[in-house]
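Structure first, then comments.
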Amino acid sequence: MPNTENLVKELVQKHGKSRNSLLPVLQGIVKVNRYLSEEAMIFAAKELDLSAAEVYGTASFYTFLNTTPKGKNIIRVCKTISCHMKGKDEIISAIEKSLNIKIGQTTHNKNFTLLATNCLGWCHKGPVMLINDEVYPEITPNKAIEIIESYKKNSVN
């Protein structure tokens, strides 16, 4: 894995030095490092000739650009009204009980972080859960736990 400064330079070389490159650069950092450290945001600001405040403002605006370390598997449950009406609260409660964490927390072993998020674009198939990049539509509390258990079994500690 490249160090943070080299990673940012590689991403800027790939995406260009324009203001429009900021989001793909930040997404690339998150893909490799799992979150945006202060150091990474400062390097991105320097490489793109932007203020650190502008980079942080962009990073903190988007929920998928984590500015704090998260677990290996990030569980996002849609919190829109349509998912709410289809039982998202029961799903969140089941996950919280299963993992012994609350929304916004990470398990002690750093395997899972649980987040509520705005629309995932699957309102017609809600409630919806996203783990990393995998979408799980029409989820039930039992189905959610089964899926999380499969992640636990496949996880290398």
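The values are calculated or read from the model by the stated rules, or taken from the named source; none is laboratory data. Nothing here was measured: the structure is a model prediction, and the numbers come from that model. Ideal geometry is used to build each Cβ from the backbone, glycine not excepted, and the neighbour counts take in all protein chains shown.
A few notes on this one:
- Criterion violated by E138 - all others in (1) under 20 Å from the mean Cα position of the chain (by Cα); (2) not in a helix (DSSP H, G or I) satisfied: (1)
- Taking (1) farther than 27 Å from I147 by Cβ; (2) in the same structural domain as I147 (by TED's automatic domain parsing) in turn, S82 satisfies each apart from (1).
- Within the set T63, T58, T67, the sole residue that is in contact with an Asp or Glu (Cβ under 9 Å, 6 or more places away or on another chain), β-branched (V, I, T) and under 30 Å from K14 (Cα atoms) turns out to be T67.
- Residues satisfying the stated conditions in the stretch 31-66, i.e. more than 20 Å from N6 (Cα to Cα) and assigned to a helix (DSSP H, G or I): A53, E54, G57, T58, S60, F61
- When S82, S150 are screened for being in contact (Cβ under 8 Å) with a residue 40 or more places away in the chain, surrounded by fewer than 17 Cβ atoms within 10 Å (Cβ to Cβ), of a type outside the set (F, W, Y) and farther than 30 Å from R19 by Cβ, only S82 passes.
To keep it simple, each residue is scored yes or no on (1) free of Cβ contacts under 8 Å to residues at least 24 places away in the same chain; (2) under 16 Å from the mean Cα position of the chain (by Cα); (3) surrounded by 19 or more Cβ atoms within 10 Å (Cβ to Cβ); (4) over 25 Å from Y151 (Cβ atoms).
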{"position": "P24", "(1), (2), (3), (4)": "yes, yes, no, yes"}
{"position": "Y35", "(1), (2), (3), (4)": "no, yes, no, no"}
{"position": "A40", "(1), (2), (3), (4)": "no, no, yes, yes"}
{"position": "F43", "(1), (2), (3), (4)": "no, no, yes, yes"}
{"position": "A53", "(1), (2), (3), (4)": "yes, no, no, yes"}
{"position": "F61", "(1), (2), (3), (4)": "yes, yes, no, yes"}
{"position": "I91", "(1), (2), (3), (4)": "no, no, yes, no"}
{"position": "N100", "(1), (2), (3), (4)": "yes, no, no, no"}
{"position": "G104", "(1), (2), (3), (4)": "yes, yes, no, no"}
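- I148 vs. criteria touching a Leu at 6+ places or on another chain (Cβ under 9 Å) and in a helix (DSSP H, G or I): yes
- Test result for V30, buried (at least 18 other Cβ atoms within 10 Å of the Cβ) and either among the aromatic types (F, W, Y) or not assigned by TED's automatic domain parsing to the domain that holds E134 (or both): yes
- Criterion (touching a strand residue (DSSP E or B) at 6+ places or on another chain (Cβ under 9 Å), part of a loop (DSSP other than H, G, I, E, B), more than 20 Å from N33 (Cα to Cα) and not aromatic (F, W, Y)) met by exactly one of P69, P127: P127
- Meets criteria (closer than 15 Å to K70 by Cβ and either touching an Asp or Glu at 6+ places or on another chain (Cβ under 7 Å) or not assigned by TED's automatic domain parsing to the domain that holds N33 (or both)) for L99: yes
- For the stretch 72-99, a residue qualifies if it is of a type in the set (K, R) and touching a strand residue (DSSP E or B) at 6+ places or on another chain (Cβ under 9 Å), and the qualifying residues are K72, R76, K79, K88.
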